[in-house]
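Peer 1: Below you'll find the structure I mean.
The values are calculated or read from the model by the stated rules, or taken from the named source; none is laboratory data. Bear in mind that the values here come from a model prediction, so they are computed numbers and not experimental data. Every residue, glycine among them, receives a Cβ derived from its backbone with ideal geometry; neighbour counts consider all protein chains shown. For the accessible areas, the whole protein counts, side chains as well, though only heavy atoms, and no ligand, DNA or RNA atoms are used. Shrake-Rupley method; radii C 1.70, N 1.55, O 1.52, S 1.80 Å.
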Amino acid sequence: MTRMILSLIFGLTLSGVAAAETPVERHGQLRVEGNRIVDQHGEPVVLRGMSLFWSDEMPRFYNAETVRWLRDDWRVTVVRAAIAVREDGYLSHPERETAKAEAVIDAAIEAGIYVIVDWHAHQPEPEAAARFFDHIAARYGDYPNVIYETYNEPLNIHGWAEVVKPYHMAVIPQIRARDPDNLIVAGTPTWSQDVDIAAADPLPFTNVAYTLHFYAGTHRQELRDKAAAALASGAALFVTEWGTTAADGDGPVDVDETRLWLSFLEANHLSQANWSITDKAEGSAALRPGASGTGGWSEDMLTPSGRLVRMRLRDANPPE
């Protein structure tokens, strides 16, 4: 019997060392069970990773090299592709922006990590969103890696019952027609903070969690209380975007509030993606201006936020 056959039977590499499981191999298909996101074994799972910046502004990070570096050096278990919609985004260039999403999805599948496909919009665009997600679900619905984020941050003028819930009722069935299984994360009003309101009037679909966003320098105990109320109501939450700074994405890192938030996330088994992988000159950026678009970042190319988040990810996600 050859060594290749032995490796297939016993899970060995050709060097005789047991092959490490990837996060997707370990956790497999994710689903919502009560107010928790659980893995293929029914155990609560916490994904920790990074969001890329708006796809129209920072496309040079939307590549396999960046995803591999984040997996190997930052030890992320999830990446988020923030596909811009308005301005110079999907509405103007659907094929170009879809290609960016596909590049990140393909890279995440190859890397064995999860990927959030984020419709990065503030205004409801249900017809365009349905087209986009129909394409993504048809192409990638068989891969457990894929998580659909249907509406990044509805504005505070868009109420749940009036605008946001009807939007999800239009878009989610398009995904489910192609992909009945993978996790969907639905945006909530007021820049995805009114999770308690959504939890009180939930969507009638399975495997749906609700989006919670926070920036530690602005959002404090009051928002944690709203999140706790949503969990108590039975809603599952996913923090698809969080920042160490004020809500405008700039200013100094609020270390104390960041620590309080991270403790809250871990205590409640909430998955999370930090904002963001970009070298834009602002406080929430993980990289300093001029950083490579393909990973390989040394310590001196990381901002204070980037160093804090990378250290935290490496501590929380042990090596395979």
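Peer 1: Explain nothing, just the number: relative contact order of the chain, from Cα pairs under 8 Å at least 6 residues apart, as a whole percent.
Peer 2: Numbers: 671 pairs, mean separation 60.4, N = 320.
Over the chain, the number comes to 19 percent.
Peer 1: Which value, in Å², gives the accessible area per residue of the chain when a 1.4 Å probe is used on the protein heavy atoms? Before the final figure, lay out each step's value.
Peer 2: Working: 12990 Å² over 320 residues.
Counting only protein heavy atoms, the per-residue value for the chain is 41 Å².
Peer 1: What FRET efficiency do you get for Asp300 and Leu260 if R0 is 35 Å and r is their Cβ-Cβ distance, rounded to the nearest 0.05?
Peer 2: It comes to 0.75.
Peer 1: Pop out the carbon and sulfur fraction of the accessible area of segment 257-320 as a percent, whole number, probe 1.4 Å.
Peer 2: Values: 1460 of 2630 Å².
Whole-percent figure for carbon plus sulfur exposure: 55.
Peer 1: Let me ask you something else. Of all alpha-carbon pairs in segment 77-183, indicate the percentage at a distance above 20 angstrom. Kindly include the intermediate steps, with their values, before the conclusion.
Peer 2: Details: 2029 of 5671 pairs.
Value for segment 77-183: 36 percent of Cα pairs lie more than 20 Å apart.
Peer 1: Sort largest first and round to whole Å: the equivalent ellipsoid semi-axes of segment 166-218, each the square root of five times a Cα gyration tensor eigenvalue. Show your work: numbers first, answer last.
Peer 2: On the way: eigenvalues 104, 28, 17 Å².
Ellipsoid half-lengths, sorted descending, are 23, 12, 9 Å.
Peer 1: Now for a separate question. Rounded to whole Å, give me the distance from the Cα center of segment 163-221 to that of segment 279-320.
Peer 2: Their Cα centres are 28 Å away from one another.
Peer 1: Stretch Asp248-Glu162 to full length: gain in nm at 0.36 nm per residue minus the Cα-Cα span? Could the numbers behind the result be given before it?
Peer 2: Details: separation 86, 0.36 × 86 = 30.96 nm, distance 2.65 nm.
Gain on extension, Asp248 to Glu162, equals 28.3 nm.
Peer 1: How much of the accessible area of segment 103-181, probe 1.4 Å, is carbon plus sulfur, in whole percent?
Peer 2: It is 47 percent, rounded to a whole number.
Peer 1: Determine the calculated [θ] at 222 nm for the chain from helices alone, applying -39500 (n - 2.57) to every DSSP H run no shorter than 4 residues and normalising by the residue count; nearest 500 deg cm²/dmol.
Peer 2: Numbers: 11 runs with 117 residues, N = 320.
Using -39500 (n - 2.57) per qualifying helix, the result is -11000 deg cm²/dmol.
Peer 1: Who wins for biggest fluctuation among Pro252, Pro204, Pro94 in a Gaussian network model of the chain, springs between alpha carbons below 10 Å?
Peer 2: With Cα springs under 10 Å in the chain, the top fluctuation among Pro252, Pro204, Pro94 is at Pro204.
Peer 1: Give me the dipole magnitude in Debye, nearest 20, for the chain about the Cα centre, with unit charges on the beta carbon: positive for Lys and Arg, negative for Asp and Glu. Please report the intermediate quantities before stating the final value.
Peer 2: On the way: 28 positive and 45 negative charges, 132 e Å.
About 640 debye.
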